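Heads up: the structure comes next, in structure tokens.
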Amino acid sequence: MKNLILFICFFIGFTQCKKEKSKNTSKAISLAEIYDKATKQKPVESYEAINKVLASFKQVSYYQLDKAYVEKAGLIPSLYAHRTFYIIKGKDVFKYLVGTFRVQDFLPDDEYAKKNLENLQAGHTQYLLLDTKLLYRFLDLLKALKAKGYKPDFEVDDGFRYPTFNDKTGGAKGSLHTHGMAVDIDIADVDGNGKIEKADKKIILDLVENQIIKDKGGVGRYPWSQTVHFDVRGWYARWDKQN
Ligand SMILES: [Zn+2]
């Protein structure tokens, strides 16, 4: 019976079924759980599986993007004309993209995301710019953690940020996030001892430093927080502060 109710909620727009929450994220979590039940989707655990999810989305060139979006997002042709964007619509935001991390984890948590959640049936369009290499390294991290008996207990804070969203969140100018090549994660209880500590963060930092990114990308260490940034820029970069 419970499943039936969830199933019905899934198709009528949810708001009557779930208490309205103020933040995009908390609302999205309950909708995502309903999506999981309805689709029985499996974690994405290989490069091929990542490719398959990405291939399920329509891709468009820079010149096929909605003009109003391009202007609002600050996507200037000199930097973006050669890039291809994924079109993400409606419930597709809940698809697993890598492990059990979802497409929406890598999209900006902005007004477009909010609009989409408000009317999933209409399928409001969001554009995702994402380097596949970033997802591969993310998967490498998940696998390395698993091999050592740790859990991927972290949240993706941000993946792709278009330039104006990057400015709004205080990202560095020209950040690799604006090219879909970076991710920030907020680390919780990776070692599973019931506490969120610096030791959890050290596990991730050591893996990223020695196994996952090495001299092939950037690592932001932000020592006063539980956040780690990594990117696939292709050369060595390290920093502790945002600027
Ligand atoms: Zn970052």
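The values are calculated or read from the model by the stated rules, or taken from the named source; none is laboratory data. For clarity, every value in this text was computed on a predicted model and none was experimentally measured. All Cβ positions, glycine included, derive from the backbone under ideal geometry; neighbour counts span all protein chains shown.
Test Lys202 against the criterion of being more than 15 Å from the ligand (Cβ to nearest atom), more than 30 Å from Ala81 (Cα to Cα), touching an Asp or Glu at 6+ places or on another chain (Cβ under 8 Å) and free of Cβ contacts under 8 Å to residues at least 12 places away in the same chain, and give yes or no.
Criteria not met by Lys202.
Out of all the residues in region 153-164, which are within 13 Å of Phe101 (Cα to Cα), at pLDDT 95 or above and surrounded by 19 or more Cβ atoms within 10 Å (Cβ to Cβ)?
Of everything in region 153-164, those that are within 13 Å of Phe101 (Cα to Cα), at pLDDT 95 or above and surrounded by 19 or more Cβ atoms within 10 Å (Cβ to Cβ) turn out to be Phe154, Gly159.
Can Lys198 be described as basic (Lys, Arg) and either under 20 Å from Gln126 (Cα atoms) or more than 21 Å from the chain's Cα centre (by Cα) (or both)?
Yes; evaluated as a whole, the condition is true for this residue.
Here's the yes/no breakdown for (1) surrounded by 16 or more Cβ atoms within 10 Å (Cβ to Cβ); (2) closer than 18 Å to Trp239 by Cα:
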{"position": "Ala188", "(1), (2)": "yes, no"}
{"position": "Gly194", "(1), (2)": "no, no"}
{"position": "Ile204", "(1), (2)": "yes, yes"}
{"position": "Leu207", "(1), (2)": "yes, yes"}
{"position": "Gly218", "(1), (2)": "yes, yes"}
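Among the residues of region 114-168, write down those that are charged (D, E, K, R), away from the ligand (no atom under 16 Å from the Cβ) and either in contact with a Phe, Trp or Tyr (Cβ under 7 Å, 6 or more places away or on another chain) or not in a loop (DSSP other than H, G, I, E, B) (or both).
Of everything in region 114-168, those that are charged (D, E, K, R), away from the ligand (no atom under 16 Å from the Cβ) and either in contact with a Phe, Trp or Tyr (Cβ under 7 Å, 6 or more places away or on another chain) or not in a loop (DSSP other than H, G, I, E, B) (or both) turn out to be Lys114, Lys115, Glu118, Asp140, Lys143, Lys146.
Restricting to region 169-186, name every residue that is within 9 Å of the ligand (Cβ to nearest atom), in a loop (DSSP other than H, G, I, E, B) and closer than 13 Å to Thr227 by Cβ.
Gly171, the sole residue that qualifies.
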